[in-house]
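Written below as structure tokens is the structure these notes are about.
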Amino acid sequence: MEEVKLFGAWPSPYGYRVIWALELKGVKYEYIEEDLSNKSDLLLQYNPIHKKIPVLVHNGKPISESHVILEYIEETWPGNPLLPSLEDPHGRASARFWTKFIDDKALPFAMLLMTDGEELEKAAKEVREILKILEEQGLGEKDFFGGNEIGLADLAMGLIASSFGVIEELAGVKVLNGDEFPGLCNWVKKFKENPAIKKNLPDPDQMFVYYKQKREMLINSRAALSYK
Amino acid sequence: MAQVTLLGAWPSPFVYRVIWALKLKGVDYEYVEEDILYNKSERLLKYNPVHKMVPVLVHAGKPIAESAVILEYIEETWPQNPLLPKDPHGRALARFWTKFGEDKNPALFGFLRTEGEQQVKATKEGQEQLRILEEQGLGDKKFFGGDEIGMADLEFGWLAWWLEVWSEITGVTLIEAESFPRLHAWIQRFKEFPTIKETLPDRSAMLTHYKGYKGLRTPYLALAKS
């Protein structure tokens, strides 16, 4: 019997990507919540190099790095595919391109959470530019980045649907609005309506509490550093 | 117009990665040199509007950008002489190490961008990552890909050729043979591999190029995420 374990840490969007992939494909798995301030021996054994989540363990063999895990899941459980078929290598390349794009842009999103004042304004501006590229060039006229169905790139963008609203609220900014980004707002709605996704979204109130605490801690520690 | 066109900028290691993949698989292509510093062509801006960078592969008129994405495309489109193993776990490992290379570019290239004490620190940090690569990435294998050159070998190909040139210019040696015997042996194997050996940029031309007024701060190093 196949044994699939997923090590994650709520509410990490990287962990959620893998949860969504497994759920969309109906793969049974055991989820193990990690306390990142007190990493388990198992996690350190399975991901000695980065010591991070998510880690997928399949029949005892570990795989780390979320996009590497997603490719592994796609190859191992080909039902309900997350990539276009091999007949369409360009479509597959496009999915990988947009996955890499959002991964490379993690910092401005993180800065929205971690900063205030001028730095926050700068981060908001950068995020707005990123969303513009996603709206016009990534999504275009499509419902999903993957086309008619949720695909790999949609899962990578999932944080925009799941946690971004809470981050915006805490930062006191409204970047993702329906006037500037009708396509993305429609995408958020459709993404969250998917039955497998809907059942596996982090609770917004719990996220608010979690990220509020994190934001205060991060802003305070950055202020403390600037006085050194 | 050729079926396969590669937009590149000499002597970018990111571009060479793609050239090696095409050559290893025996794929015919047309190479087009882009002036990415001063005069990006309309064609480049059309084919890579998001990043406006090389390499870009154009196949039957459709563009693919980002060297890692291009390598996956090449692997799927021309499956001969595979760059990835068949088994999903082996493929995951190859992709893991490829990503490790991408993520650690800033640490590995750090010695190029610093001087004095900063450079000593940056060199040490780079060597810490190389230690992981030596012991856990390469181990006792002939290549990162096992017995044959694979995707991860192409990711680290710059260590086998560009590093020597940069070391000569900066006076910093990142990989000493005694400290990194496996990586050192891999370097010799990689650059002697026939297809690779025929496809390396001329060393003295590289020295001139990297010593030039922009020197080691040329964009395709600074934008090491391409």
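The values are calculated or read from the model by the stated rules, or taken from the named source; none is laboratory data. The structure displayed is predicted, hence computed values, not measured ones. Neighbour counts are summed over all protein chains in view; Cβ atoms, including those assigned to glycine, are modelled from backbone coordinates with ideal geometry. All accessible areas refer to the heavy atoms of the entire protein, side chains included, with ligands and DNA or RNA removed. Shrake-Rupley method; radii C 1.70, N 1.55, O 1.52, S 1.80 Å.
Before moving on, here are some points about what is shown:
- In this simple spin-label model, placing a label point 7 Å from the Cα along the Cα-to-Cβ direction at both A:Asn186 and A:Glu87 gives a separation of 2.6 nm.
- Chymotrypsin sites (Phe, Trp or Tyr not before Pro) within the stretch A:198-228, DSSP loop, no more than 13 other Cβ atoms inside 10 Å: A:Tyr227
- Segment B:Ile132-B:Leu45, extension gain: residue separation times 0.36 nm, minus the distance between their alpha carbons: 27.5 nm
- Per-residue extension of 0.36 nm, minus the Cα-Cα distance of B:Glu76 and B:Ala177, leaves a gain of 32.7 nm for this segment.
- Solvent exposure, largest accessible area first (probe 1.4 Å, DNA, RNA and ligands not counted), of A:Ile167, A:Ile133: A:Ile133, A:Ile167
- Shielding by partners - mean other protein chain Cβ count within 10 Å, residues of B:81-90: 2
- Taking GluC sites (Glu not before Pro) in DSSP loop conformation with at most 15 other Cβ atoms inside 10 Å as exposed sites, chain A has its longest uninterrupted site-free stretch at A:4-86.
- Normalised by 2.2 N^0.38 Å, where N counts its residues, the alpha-carbon radius of gyration of the stretch A:1-106 equals 1.09.
- Percent accessible area from carbon and sulfur atoms, chain B, protein chains only, probe 1.4 Å: 52 percent
- Kirkwood estimate for the stretch B:121-174, i.e. one over the average of 1/r between Cα atoms, Å: 12.1 Å
- Chain A pair-distance distribution - Cα-Cα, 5 Å bins, rounded %: 1, 6, 13, 17, 19, 17, 13, 8, 4, 1, 0, 0
- Diffusion constant of chain B at 37 °C, which comes from Stokes-Einstein with the Kirkwood Cα-pair radius and 0.692 mPa s, µm²/s: 182 µm²/s
- Rounded Å value of the spacing that divides the Cα centres of the stretch B:50-88 and the stretch A:44-121: 18 Å
- In the context of the full protein assembly, A:Tyr72 retains an accessible surface of approximately 20 Å², using a probe radius of 1.4 Å and ignoring ligands and nucleic acids.
- Kirkwood hydrodynamic radius of the stretch A:82-131, from inverse mean 1/r over distinct Cα pairs, in Å: 12.4 Å
- Across q = 0.06, 0.08, 0.09, 0.10 Å⁻¹, the protein assembly as shown modelled as identical point scatterers on its alpha-carbon atoms has Debye log10 I(q)/I(0) values of -0.27, -0.49, -0.63, -0.79, in the order of the q list.
- The spacing between the stretch B:146-190 and the stretch B:97-111, judged by their C-alpha centroids, is 13 Å.
- DSSP beta bridges in the protein assembly as shown [antiparallel fraction, %, rounded to 5]: 70 percent
- Calculated translational diffusion coefficient of the stretch A:89-163 (25 °C, 0.890 mPa s; Stokes-Einstein with Kirkwood radius over alpha-carbon pairs) equals 189 µm²/s.
- Amide N of the stretch A:146-174 lying under 19 Å from the label point, which is placed 7 angstrom from the Cα of A:Lys122 along Cα→Cβ: A:171-173
- Interface area, chains A and B: about 2500 Å² of buried accessible surface, summed, with a 1.4 Å probe and ligands, DNA and RNA left out.
- Extending 7 Å from Cα along the Cβ direction at B:Lys86 and again at A:Leu107 yields two label points whose distance is 4.3 nm.
- Percent of alpha-carbon pairs separated by more than 22 Å within the stretch B:72-173: 36 percent
- Inter-chain Cβ neighbour average for residues A:84-97, partner chain, 10 Å: 5
- Chain B: DSSP helices with Cα axial extent of at least 18 Å and average Kyte-Doolittle hydropathy no lower than 0.0: B:157-170
- Partners for A:Lys39 among lysines (Cα-Cα distance below 25 Å; same-chain residues under 8 apart left out): A:Lys5, A:Lys28, A:Lys51, A:Lys52, A:Lys61, A:Lys212, A:Lys214, B:Lys99, B:Lys104
- Between A:Ser37 and B:Lys211, the distance separating the two model label sites (each 7 Å from Cα on the Cα→Cβ line) works out to 5.6 nm.
- Computed [θ] at 222 nm, deg cm²/dmol, the protein assembly as shown (DSSP H ≥ 4; -39,500 (n - 2.57); rounded to nearest 500): -16000 deg cm²/dmol
- A 1.4 Å probe run over chain B, with the rest of the protein chains in place, finds 43 Å² accessible per residue.
- When both the stretch B:1-42 and the stretch A:125-145 are represented by their alpha-carbon centers, they are found 28 Å apart.
- A straight chain from A:Asn200 to A:Gln213 at 0.36 nm per residue would run longer than the Cα-Cα distance by 2.4 nm.
- DSSP loop GluC sites (Glu not before Pro) with at most 16 other Cβ within 10 Å: longest gap in chain B: B:1-114
- Accessible area (Å², 1.4 Å probe, nearest 10) - B:His184: 70 Å²
- Solvent-accessible area per residue in chain A equals 50 Å², computed with a 1.4 angstrom probe and all protein chains kept.
- Restricting the stretch A:1-68 to trypsin sites (Lys or Arg not before Pro) that sit in a DSSP loop and have at most 11 other Cβ atoms within 10 Å of their own Cβ leaves A:Lys28.
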